[in-house]
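Below is one structure, written out as structure tokens; comments come after it.
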Amino acid sequence: MTRKTSTATVFNLLQLACLIATTSASIVSTGDFNRDFDVTWSPDHVNTSPDGRTRSLKLDQESGSAFASKDMFLFGQIDMQIKLIPGYSAGTVLAFYLASDQPNRDEIDFEFLGNVTGQPYILQTNIYANGYDNREERIYLWFDPTKDFHTYSILWNLHQIVFMVDWVPIRLYRNHADKGVAYPRRQPMSLKASLWNGDSWATRGGQDKVDYSKGPFIVSFRNYKIDACVWKGNPRFCRGDSTTNWWNNPRLSSLNWYQRRLFKWVRKYHLIYDYCQDTNRFQNHLPKECSLPKY
Ligand SMILES: *[C@@H]1O[C@H](CO)[C@@H](O)[C@H](O)[C@H]1NC(C)=O
């Protein structure tokens, strides 16, 4: 009898363990663009390989194009391999970003600003929190992003947002909500990519225009990974300190010493603009986060 009970108990525990495992908040995406993303702009400008593993966006005189994840996410990490437009790409903008659909929206942006042949792309990053942005940073990459695929990632948890390029942290935004700085933490976001004409501002402040005779302009994507909490209507599910939410691991609450070294290297040698240093623009009223600890 006792023996039977204990077997039954073990069995129940196993069942419970399975239940916890299957209700774990994190999902890993399938790697198939057709399954995880919808085409949201100009389907005839979006090309997906037969196995769904690679996709490209096209911009020409007719239209740009875009896709967006079917699910929304609250915390986690996303990685995407991207190869940018070779040759002449002036005036084009590729945006790869997380965005909520609220009026006071949250957004975590990579924006790749094209250039004339032989001149470097700029990688601009920005953060909207509660509808307010104006938090641009710009870097030159340490490689030619049009030659090969490189991995662009966002780690997002309750402590920090880390932008990474090939796992090198290029930008950090810490949660200083306790000091009154808005931090994206309540609104679920979709993962989006769009390619468009931004030539009123993108290249040398709008001086170099899109030249359609040099197009079509094509950006390729592959090998993405979304390991994030899928929004099912309950923020506590994604925020919970439970160990099933791997992004809450204390190890991910700040950069480790090695990441900090890389981060400092990027800022020393590759940073070209930081809103926190732009005293003209903010008339000496720099946003509050600029005077708070970076790490
Ligand atoms: C384009 O090239 C010019 C000249 O090297 C440079 O000043 C600029 O930062 C580059 N990138 C963009 C997006 O304007």
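For L252, indicate whether it is within 16 Å of the ligand (Cβ to nearest atom) and of a type in the set (A, V, I, L, M). Full working, then the answer.
Values: within 16 Å of the ligand (Cβ to nearest atom): no; of a type in the set (A, V, I, L, M): yes.
Judged against the criteria, L252 is not a match.
Is there a residue being assigned to a strand (DSSP E or B), at pLDDT 95 or above and among the hydrophobic types (A, V, I, L, M, F, W, C) anywhere in region 140-148?
Here is the first cut: in region 140-148, the residues assigned to a strand (DSSP E or B) are none.
Looking through region 140-148, none of the residues is assigned to a strand (DSSP E or B), at pLDDT 95 or above and among the hydrophobic types (A, V, I, L, M, F, W, C).
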(Q) Consider region 182-210. How many of its residues are away from the ligand (no atom under 16 Å from the Cβ) and surrounded by 17 or more Cβ atoms within 10 Å (Cβ to Cβ)? (A) 12
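Which residue out of L84, L74 is within 12 Å of the ligand (Cβ to nearest atom), in contact (Cβ under 8 Å) with a residue 40 or more places away in the chain and surrounded by 19 or more Cβ atoms within 10 Å (Cβ to Cβ)? If you could, list the steps in order and put the result at the bottom.
Details: L74 fails: within 12 Å of the ligand (Cβ to nearest atom).
When all the criteria are applied, what remains is L84.
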Q | Residue tally, condition within 15 Å of I85 (Cα to Cα), of a type in the set (A, V, I, L, M, F, W, C) and in contact (Cβ under 8 Å) with a residue 60 or more places away in the chain, over region 137-154 | A | 2
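Go through region 134-161 and report how many residues are charged (D, E, K, R) and under 16 Å from F110 (Cα atoms).
First, the residues of region 134-161 that are charged (D, E, K, R): 135-138, 144, 147-148.
From what is left, the residues that are under 16 Å from F110 (Cα atoms) are 135-138.
Residues flagged as charged (D, E, K, R) and under 16 Å from F110 (Cα atoms) within region 134-161 amount to 4.
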Q. What pairs come up if the first residue lies in region 256-275 and is touching a residue at least 60 places away in the same chain (Cβ under 8 Å), the second is within 16 Å of the ligand (Cβ to nearest atom) and acidic (D, E), and their beta carbons are under 8 Å apart, counting only those six or more places apart or on different chains?
A. L271/E137; Y273/E136; Y273/E137; D274/E137; Y275/E136; Y275/E137
Q. Does any residue of region 211-224 turn out to be within 16 Å of the ligand (Cβ to nearest atom) and of a type in the set (D, E, K, R)?
A. yes
Q) If you go through region 258-288, how many residues are surrounded by 11 or more Cβ atoms within 10 Å (Cβ to Cβ), at pLDDT below 95 and more than 25 Å from R204 (Cα to Cα)? A) 2
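Any residue at all in region 166-180 that is within 14 Å of the ligand (Cβ to nearest atom), among the charged types (D, E, K, R) and not in a loop (DSSP other than H, G, I, E, B)?
Here is the first cut: in region 166-180, the ones within 14 Å of the ligand (Cβ to nearest atom) are none.
For region 166-180, residues within 14 Å of the ligand (Cβ to nearest atom), among the charged types (D, E, K, R) and not in a loop (DSSP other than H, G, I, E, B): absent.
What number of residues in region 115-136 are away from the ligand (no atom under 16 Å from the Cβ), touching a residue at least 40 places away in the same chain (Cβ under 8 Å) and not hydrophobic (A, V, I, L, M, F, W, C)?
First, the residues of region 115-136 that are away from the ligand (no atom under 16 Å from the Cβ): 127-135.
Narrowing further to those that are touching a residue at least 40 places away in the same chain (Cβ under 8 Å): 127-130, 132, 134-135.
Right, trim to not hydrophobic (A, V, I, L, M, F, W, C) and you get 128, 130, 132, 134-135.
Number satisfying all stated conditions: 5.
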Q | Only listed residue being assigned to a loop (DSSP other than H, G, I, E, B), in contact (Cβ under 8 Å) with a residue 60 or more places away in the chain and either in contact with an Asp or Glu (Cβ under 7 Å, 6 or more places away or on another chain) or on the phi < 0 side of the Ramachandran plot (or both), chosen from K225, K209, K232, K192 | A | K209
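The values are calculated or read from the model by the stated rules, or taken from the named source; none is laboratory data. Bear in mind the structure is a predicted one, so any value in this text is a computation, not a measurement. Ideal geometry is used to build each Cβ from the backbone, glycine not excepted, and the neighbour counts take in all protein chains shown.
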